[in-house]
Amino acid sequence: MRAHDHPRDPRPADVRAIATALDALDVETLRARFDPGAVAAVDIYPAIWTNGDDKFDYLMSHFSELCRFYRAAAVNGQAVLLAIT
């Protein structure tokens with residue numbers, strides 16, 4: 001089993017720190033640093049990064065949802081179970 005296969009369980013204090021860090025990210029900086037070729041080169045799912053369309057908006061829609069999720073968990077004092085498979 002690979003290290004990233006193990007579930008993580010950030011506690012409420014960790015969730016608040018993650019939410020704060022996510023909220024501090026600047027969209028324009030993320031856009032400037034986004035490199036679809038690099039993402040494709042390391043085989044990040046889904047394999048859509050170099051098909052000619054601008055995938056930043058696709059990525060940001062999911063990122064925005066992630067931010068909302070962590071913000072809501074932080075406000076409600078909840079922990080989060082995280083598993084990357």
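The values are calculated or read from the model by the stated rules, or taken from the named source; none is laboratory data. Predicted, not measured: the structure shown is a model, and the values here were computed from it. In this analysis, Cβ positions are derived from the backbone assuming ideal geometry, glycine residues included, and neighbour counts consider all displayed protein chains. These area figures cover heavy atoms from the full protein model, side chains too; ligands, DNA and RNA do not enter into them. Shrake-Rupley method; radii C 1.70, N 1.55, O 1.52, S 1.80 Å.
For the range 52-85, enumerate the residues that are touching a helix residue (DSSP H, G or I) at 6+ places or on another chain (Cβ under 9 Å), more than 18 Å from Ile18 (Cα to Cα) and not in a helix (DSSP H, G or I). The answer is Asp54, Lys55, Thr85. For the range 62-85, the set of residues classified as among the hydroxyl-bearing types (Ser, Thr, Tyr) and closer than 15 Å to Leu25 by Cβ consists of Ser64, Tyr70, listed by residue number. Cβ-Cβ contacts under 6 Å between residues 6 or more apart (or on different chains), taken from a first residue in the range 11-39 that is farther than 21 Å from Gln78 by Cβ to a second residue that is part of a helix (DSSP H, G or I) and not polar (S, T, N, Q), are listed as Arg31/Phe56; Phe34/Phe56. Among the residues of the range 42-77, those that are among the polar types (S, T, N, Q), more than 24 Å from Ala13 (Cβ to Cβ) and open to solvent by 70 Å² or more (accessible area, probe 1.4 Å) comprise Thr50, Asn51.
Please pick out the residue among Val80, Val27, Val39 that is open to solvent by less than 80 Å² (accessible area, probe 1.4 Å) and in contact with a strand residue (DSSP E or B) (Cβ under 9 Å, 6 or more places away or on another chain).
Answer to the selection: Val80.
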